[in-house]
Structure formats: structure tokens, C-alpha cells
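Single-structure report; data block below.
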Amino acid sequence: AVMDSLSQLALSGYQKLVYGTPGFVEYFRAATPIAEIAELNIGSRPASRKASNRIEDLRAIPWVFSWSQCRLAIPGWYGFGYAVSEYLHHADRVERIERIEKLKAMARDWPFFTALLSNMEMVLTKTDLSIASRYAELVIDEKLRTKIFGEISVEYKRTLDAISLITGDETLLADSPALAQSIKRRMPYLDPLNHHQITLLRRFRAGDTAERTKRAIHLTINGLAAGLRNSG
């Protein structure tokens, strides 16, 4: 019953961002390399089911892939912080304590919920708002950029707080130190690829469509996918 409540709340928060925020499609198309990913010859089907820019027509893999590349990976965590916040908000003080204990018991005793939290922690560890903010600068409309990136940043912090509240850990992947160390050691090699990709995307979109530039973008996409190990 608790999981059903959290699921509905998370879905509501996620859909509010993706479908209920004016200009979200424009933000997504500008702040991620979705157009460049669509040109990669790596799938048996096109990135979109129809010839349109609608999110609804985009296939799941390029959708997740795009958000992973810009180091936000919102399909893996966005909405969870909102769900936990709302779940606890609509309760008096005593009931709130009971609900927190219930969530902790779920994380401790229910393998499904434990795995869910673990997967979110892994994706959040690879999320980098500082790098993602540079991708956001590719969005020409400053007001749109500030609004949407601001909402994502708030939910990121809310999700971190929710996971910490439930697990009792101050850091992500505290129960998986080997994985945490593996990710940490990869970042010095991956972060520069992100910065190169941003520079190349800006150059390409400004008119430098030379084959060499396109190939360089595709190389950064491949390198990041290999290093992040979350390609969609």
C-alpha cells in the first residue's frame, strides 16, 4: 500500500515536469545531445516512433541515453523525493514518525525496495549538477533554462534527503563501497569528455557541421556511455 502511494506520487511529480512544464521539450532538445544520438547507427529502429519532436513519440532508450549523457539521468530518480515529501507531509507528527519507520522497515526487509533505492543511489552518484548546468547553457531562452534546471535541482536535493532519511546513511552507496569507489575513480576521465562534448555541440549547432566535428561528438557519446555504463 505504501509503495502504491509512493508510485502514484512519483508519477505525478515526474509527469508534472515532463508534460506539465511549458517549454520542456525545447529544453530537452537543447540541453541534451538527443539529436546527435539519433544520428548514431546503433539501433535497429529510429529514435522516434513518428516524425515528430513530441516526448510521447520518443523511444525509451534514446530518452534515457540523452539524460545520462548530460549527467542528470532524471528517468532514474526524478519524482522520488517529491513522493516521499508528499507522503510524509500529509500526516500529523505521530503519523509522520510512523511513516518514516515504515519506509525504513521497507528498505531493511523488502528486497524489492532495497534494490530500488540501491539503483537510485547508483544513478545519483553519476549525476553531476555542475556539469549538467553547462549543458543547460545550451538552452538559448534564459528564463526557460533557469526555471527547468531550477526545478530539477530542487528535486535532486529532495531525493538525496529522502534517501538519506530512509537509509540513515550520509553518503550514497554507503553499503556498496566497491561500487562507490569504482564510480569515483572513473569520473576524472569522464568529466573532461562532458566538457568537450558541450563545446562540440555548441560548435556544431552554430553551423560547423563538418564530418570531423560530427565524428568527435559521436566519440564523446561513445566514451561517456562506456564509462558511465548507463546508456539507456
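The values are calculated or read from the model by the stated rules, or taken from the named source; none is laboratory data. Nothing here was measured: the structure is a model prediction, and the numbers come from that model. As a convention, Cβ positions derive from the backbone with ideal geometry for all residues, glycine included, and neighbour counts pool all protein chains shown. Just so you know, the surface numbers come from the protein's heavy atoms only, side chains and all, with ligands and any DNA or RNA stripped out. Shrake-Rupley method; radii C 1.70, N 1.55, O 1.52, S 1.80 Å.
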**Asked** What angle, in degrees between 0 and 90 and rounded to the nearest 10, separates the Cα long axis of helix 142-167 from the longest principal axis of the Cα atoms of the chain?
**Response** 40 degrees
**Request:** Quick one: what are the phi-derived ³J(HN,Hα) couplings along region 70-82, Karplus 6.51/-1.76/1.60 with θ = phi - 60°, whole Hz, x for glycine and proline?
**Result:** 8, 6, 10, 6, 4, x, x, 8, 4, x, 5, x, 4
**Complete:** Given backbone amide H placed at 1.01 Å from N, residues whose amide H is under 5 Å from that of L58, ignoring those fewer than 5 places away on the same chain, are R49
**Using alpha carbons only: equivalent-ellipsoid semi-axes of region 79-232, gyration tensor based, whole Å** = 36, 20, 10
**Asked** From the Cα gyration tensor of region 75-140, with a ≥ b ≥ c the square roots of its eigenvalues, which class applies: rounded if a/c is under 1.5, or else prolate if a/b is larger than b/c, or else oblate?
**Response** oblate
**Prompt:** Ordering E155, E101 by how much accessible area each has at a 1.4 Å probe, largest first, what is the list?
**Reply:** E101, E155
**Request:** Under 10 Å from the Cβ of R186, count the other residues' Cβ atoms, weight Lys and Arg +1, Asp and Glu -1, and hand me the total.
**Result:** +3
**Prompt:** How many percent of all Cα-Cα pairs in region 159-215 sit more than 19 Å apart?
**Reply:** 57 percent
**Prompt:** Can you list the HN-Hα couplings for region 101-106, worked out from phi with the Karplus curve (6.51, -1.76, 1.60; θ = phi - 60°), rounded to whole Hz and with x for Gly and Pro?
**Reply:** 5, 5, 4, 5, 5, 4
**Request:** Using only alpha carbons, build the gyration tensor for region 1-140 and give me the equivalent ellipsoid semi-axes, biggest first, whole Å.
**Result:** 33, 16, 15
**Message:** Per residue of region 12-20, what does 6.51 cos²θ - 1.76 cosθ + 1.60 with θ = phi - 60° give for ³J(HN,Hα)? Whole Hz please, x for Gly and Pro, Karplus curve as stated.
**Reply:** 4, x, 5, 5, 4, 5, 6, 10, x
**Request:** May I ask for the net charge around D109, where only other residues with Cβ less than 15 Å from the Cβ of D109 are counted and Lys, Arg are +1 while Asp, Glu are -1?
**Result:** +1
**Complete:** Taking a probe of 1.4 Å and leaving out DNA, RNA and ligands, the chain shows per residue an accessible area in Å² of 53 Å²
**Asked** Roughly how many Å is it from the Cα centre of region 70-122 to that of region 10-42, as a whole number?
**Response** 24 Å
